[in-house]
Amino acid sequence: MSKQKVYFKTFGCRTNLYDSQVMVGALKDYDVTENESEADVIVINSCTVTNGADTHVRSYISQVEKDSGAKIFLTGCGAHTKGESLLKQGRVSGVFGQSEKLKIDSMLAREEPFYDPGDLNHIDEAVVDDFVGKSRAFIKIQEGCDFRCSYCIIPYVRGDARSMDENKIIEQITRLALNGFGEFILTGTNVGSYGQKTDTSLAKLMKRISQVRGVRRIRLGSVEPIQITDEFKEILDEPWLEKHLHIALQHTSPQMLKNMNRRNVYKRDKELFELIASKGFALGTDFITGHPGESEELWREAMQNVANLPLTHLHAFTYSKRDGTPSATMKPEVNGKVAKERLHELEAAIKAKNLDFRKAFHGELEVLIESEKDGKYVGYDQHFNKIIVESDEDLIGNWLNIDNYEIKEEFNYARI
């Protein structure tokens, strides 16, 4: 009897990409398919960080119901916020939390509808030693968050911060490096909190990783300004650290940072960013526009502060109200149209800064080629800037040092 086919649909962040890969590795009684239309079972690994994320999941379920009638199971962050209602409406066959993903076979085999949210204190033991079709590997180093930013639902669905065992992480990276992976991206809910309860630290972990044979570049998910410690500053000159850091500010108005219950302070953020930029780093940040209390005057102040920061990359959203968070009841609310206009203004400012950064850099780009479309290869350099390379050779997975390239508005371009 042939096995049923399972398709994994992943929404959201890199941690979810990693979790899906763990489930793929744990499946024994089913076959994995990359082709959605032939799936008997679809596992949705969902995200709930914004209302938009919830809507995407719901519209995807509607599409499956209409097109294929495959059996649907829900996991990921949305399992905790929307799982029960989707189950009650009969739209999914079962809901399970992140901690249950290694039991994927038994979850998919259950006949009766079920809601099994699992354990929010769970620490992953799973080791992924291959990433299908990827040239860089995501390594999950921690779960959960101890911060309580007033707008954020994540601690309620991912639990408090806890770190994965350092030796497990090194074992996993060693295996992946033997399989030909050279770039490692460390991910988690709050990566910078790694090791705080187990007497180690993110910087110590990264030093250990850098000593594994075959490791060429280490990239980090988002860290908080207060997590860039003196110990971390000491690794800024290391050749294996990607020359790009993503440091989450969320805002640059001191009053707004207070409203958001953030732990960072603009004046210190500016000093930190200037120090890191002086070492040749590109710098990205997270930002929320339209959070309650963001008056026109505070917004103008924030944009003035943004103009003074050496920023090159941006991950920004308009504020999305999450029930049960302190921000949900804060006043005055900001009109959604205004929040969107502010988002676009901010995006345009950072885009211009990125172009200036690329024009000012006169060195070699160290590029890992990740994908190909119509004879054009796409990769990212050490500053996490996109480059498109035209070549007659197959370059997927190759590391290239490129010194002759053209700077275009959206990306760099080379022909080799």
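The values are calculated or read from the model by the stated rules, or taken from the named source; none is laboratory data. Since we're looking at a predicted model, the values are computed, not measured. Positions of Cβ are generated from backbone atoms using ideal geometry, with glycine treated the same way; all protein chains shown enter the neighbour counts.
For (1) more than 16 Å from residue 295 (Cβ to Cβ); (2) modelled with pLDDT of 95 or more; (3) touching a Leu at 6+ places or on another chain (Cβ under 9 Å), each residue gets a yes or a no:
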| site | (1), (2), (3) |
| --- | --- |
| 328 | yes, no, no |
| 342 | no, yes, no |
| 349 | yes, yes, yes |
| 355 | yes, yes, no |
| 358 | yes, yes, no |
| 361 | yes, yes, no |
| 364 | yes, yes, no |
| 370 | yes, no, no |
| 375 | yes, no, no |
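Mind listing whichever residues of region 379-394 are free of Cβ contacts under 8 Å to residues at least 60 places away in the same chain and either in contact with a Gly (Cβ under 7 Å, 6 or more places away or on another chain) or surrounded by fewer than 20 Cβ atoms within 10 Å (Cβ to Cβ) (or both)?
386, 387, 388, 389, 390, 391, 392, 393, 394 - these are the residues of region 379-394 that are free of Cβ contacts under 8 Å to residues at least 60 places away in the same chain and either in contact with a Gly (Cβ under 7 Å, 6 or more places away or on another chain) or surrounded by fewer than 20 Cβ atoms within 10 Å (Cβ to Cβ) (or both).
Could you identify the single residue in 243, 233, 258 that is of a type in the set (Lys, Arg) and buried (at least 16 other Cβ atoms within 10 Å of the Cβ)?
Unique residue meeting the criteria: 243.
Out of 369, 388, I need the residue that is in a strand (DSSP E or B), touching a Ser or Thr at 6+ places or on another chain (Cβ under 8 Å) and farther than 29 Å from residue 258 by Cβ. Which one?
The unique qualifying residue is 369.
So, in region 336-378, how many residues would count as being surrounded by 14 or more Cβ atoms within 10 Å (Cβ to Cβ), more than 28 Å from residue 306 (Cβ to Cβ) and out of contact with any Phe, Trp or Tyr (no Cβ under 9 Å at 6 or more places or on another chain)?
Here the count works out to 3.
Is it the case, given these coordinates, that residue 73 is touching a helix residue (DSSP H, G or I) at 6+ places or on another chain (Cβ under 6 Å) and modelled with pLDDT of 90 or more? Break it down into steps so the answer makes sense when it comes.
Working: touching a helix residue (DSSP H, G or I) at 6+ places or on another chain (Cβ under 6 Å): no; modelled with pLDDT of 90 or more: yes.
No, not satisfied.
Conditions first: (1) farther than 17 Å from residue 4 by Cβ; (2) in contact (Cβ under 8 Å) with a residue 24 or more places away in the chain; (3) of a type in the set (Phe, Trp, Tyr). Residue 96 passes all but one, so which condition is the exception?
Of (1) farther than 17 Å from residue 4 by Cβ; (2) in contact (Cβ under 8 Å) with a residue 24 or more places away in the chain; (3) of a type in the set (Phe, Trp, Tyr), only one is false for residue 96: (2).
Kindly list the number of the only condition in (1) under 18 Å from the mean Cα position of the chain (by Cα); (2) modelled with pLDDT of 80 or more that fails for residue 107.
That leaves (1) as the condition not met.
Could you check region 55-70 and list, in sequence order, the residues that are out of contact with any Lys or Arg (no Cβ under 6 Å at 6 or more places or on another chain) and assigned to a helix (DSSP H, G or I)?
Listed by number, the residues that qualify are 55, 56, 57, 58, 59, 60, 62, 63, 64, 65, 66, 67.
Checking the condition touching a His at 6+ places or on another chain (Cβ under 8 Å) and not polar (S, T, N, Q), which residue from 97, 69 passes?
Values: 69 fails: touching a His at 6+ places or on another chain (Cβ under 8 Å).
Of the residues listed, the single one that is touching a His at 6+ places or on another chain (Cβ under 8 Å) and not polar (S, T, N, Q) is 97.
Inside region 148-173, can you point out the residues that are part of a loop (DSSP other than H, G, I, E, B) and surrounded by fewer than 19 Cβ atoms within 10 Å (Cβ to Cβ)?
Matches in region 148-173: 148, 150, 160, 165.
Tell me which of these residue 275 doesn't satisfy, since it passes every other one: (1) among the aliphatic types (A, V, I, L, M); (2) assigned to a helix (DSSP H, G or I); (3) closer than 25 Å to residue 12 by Cα.
(3)
Taking residue 1, is it at pLDDT below 85 and either farther than 30 Å from residue 327 by Cβ or in contact with a Leu (Cβ under 8 Å, 6 or more places away or on another chain) (or both)?
In short, yes.
Enumerate the pairs (first residue in region 313-337 and acidic (Asp, Glu); second residue anywhere and assigned to a helix (DSSP H, G or I)) with beta-carbon separation below 9 Å, excluding pairs fewer than 6 apart on the same chain, so at least 6 apart or on different chains.
Here the result reads 323/81, each pair linking region 313-337 to a residue that is assigned to a helix (DSSP H, G or I).
What residue, among those in region 282-305 that are assigned to a loop (DSSP other than H, G, I, E, B) and in contact with a Phe, Trp or Tyr (Cβ under 9 Å, 6 or more places away or on another chain), is nearest to residue 341 (Cα to Cα)?
Result: 290.
Could you count how many residues in region 91-104 are of a type outside the set (A, V, I, L, M, F, W, C) and modelled with pLDDT of 90 or more?
Here is the first cut: in region 91-104, the residues of a type outside the set (A, V, I, L, M, F, W, C) are 91, 93-94, 97-101, 103.
Subsequent filtering for residues that are modelled with pLDDT of 90 or more retains 91, 93-94, 103.
Residues meeting the conditions: 4.
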